[in-house]
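Here's the structure, in structure tokens; my notes come after.
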Amino acid sequence: MLIDTAAEILISEVGPRDGLQSVNRTMPTADKLRWITALYQAGLREIEVASFVPATSLPQMADAPDVVRHALTLPGLTVMALVPNLRGARAALAAGVHKLTIPVSASAAHSLANVRKTREQMVDEVRNVVALRNDMAPGVKIEAGISTAFGCTLQGHVPEDDVVWLAAQVIQAGADETGLSDTTGMANPAQVRRLFTRVRTEIGSRTGAAHMHNTRGLGLANCLAAFDVGVRTFDSSLGGLGGCPFAPGASGNVVTEDLVFMFEAMGVTTGVDLDKLMAARAPLMAGLPGEPLYGLTPEAGLPKGWVQRRGLPASEIFK
């Protein structure tokens with residue numbers, strides 16, 4: 001496989017939302033703000049900071065407006081929030097976010113469990129959110145993320161035709177882009193290559209991020225497969241926190257530290273400073289003491305002689 005070392009990729013950090021919503025405890029707001037600042041200082045320039053859902057459903061996200069208010073003070077940061085419906089979108093737009101993510105499941109069973117709507121009803125919800133965005137804040141971007149795109153623990157097999165159909169539907173409904181999520185960690189690299197290629201053939205440059213989980217140890221391999229077929233935005237979570245509460249058996253997201261190391265070691269620019277990124281684990285651990293964190297790069301440390309020289313070929317990285 002030839003690596004395009006001239007490529008620049010975007011690492012979209014989802015830990016403050018996807019990670020924290022999967023932890024039983026609630027991180028204090030002050031610790032969240034310190035953590036987000038540390039992520040920003042490491043060079044991350046897109047962070048999903050919260051989800052706008054009822055506090056009765058996810059008390060971990062009850063402070064979403066306060067978290068967004070802080071994130072907006074960080075220059076050059078794209079402040080992103082997840083919204084499952086029109087009500088959440090209204091609150092997020094009022095808070096001033098730069099980008100909305102709407103979860104739309106390719107699995108009929110997961111859609112009902114996660115948002116209590118059918119897939120067709122969620123396409124209508126995307127259309128309604130787009131209309132609201134056009135009225136309230138036309139500059140805000142909308143991503144409709146196709147969850148359970150590679151399989152579902154509730155339904156089992158998810159036909160690829162359903163994924164391609166749904167991606168086309170949400171783009172027709174007005175979403176700016178749509179990415180594919182391996183919500184349950186069932187994907188393999190051949191499947192990732194094939195499905196992203198099919199979706200790109202269907203919707204072209206509107207194809208968005210790869211959101212991979214490491215449930216079965218294939219998270220990085222799946223990200224590399226997506227990169228090989230043109231994906232340039234990757235969701236990940238510091239320390240590997242994350243998982244869907246409504247997808248039994250789903251576990252952690254791809255570890256941001258490992259993902260950045262992989263790409264930088266290959267000479268692909270991420271814009272993220274690895275030393276500062278690993279230091280960002282400290283405020284996370286302070287806010288959630290004792291919470292298990294994952295990642296082989298933080299455990300092993302950077303290789304002897306490692307100098308992060310972005311854009312160099314792999315043969316030059318360790319000189």
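The numbers here are math on the coordinates, done by the rules we state, and not lab data. Since the structure is predicted, the reported quantities are computational estimates derived from the model, not experimental observations. So basically every Cβ, Gly included, is an ideal-geometry build from the backbone, and we count neighbours across all protein chains shown.
Below are the figures for this structure:
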| item | result |
| --- | --- |
| P(r) histogram, all alpha-carbon pairs of the chain included - 20 Å bins from 0, percent | 35, 60, 5 |
| Residue-count net charge about GLY301 - beta-carbon cut-off 14 Å; Lys, Arg +1, Asp, Glu -1 | -2 |
| Where labels lie 7 Å past Cα in the beta-carbon direction, separation of ALA30 and GLN308 in nm | 2.9 nm |
| Estimated 222 nm signal from helices in the chain, with DSSP H stretches of n ≥ 4 weighted -39500 (n - 2.57), rounded to 500 | -11500 deg cm²/dmol |
| Potential extension, ALA286-ASP4 segment - 0.36 nm per residue separation minus Cα distance | 97.7 nm |
| Paramagnetic reach from LEU72 (point 7 Å along Cα→Cβ, amide N under 18 Å) across region 116-145 | 133-142 |
| Linear extension gain, ALA131 paired with SER57, 0.36 nm per residue minus alpha-carbon span | 24.1 nm |
| Additional length obtainable on full extension of the chain from ARG200 to GLN41, 0.36 nm per residue less Cα span | 53.9 nm |
| Antiparallel bridges, percent of DSSP beta bridges restricted to the chain (to nearest 5) | 5 percent |
| Reachable aspartates and glutamates from LYS32, criterion Cα separation under 14 angstrom, eight or more residues apart if same chain | GLU13, ASP18, GLU48, ASP63, ASP66 |
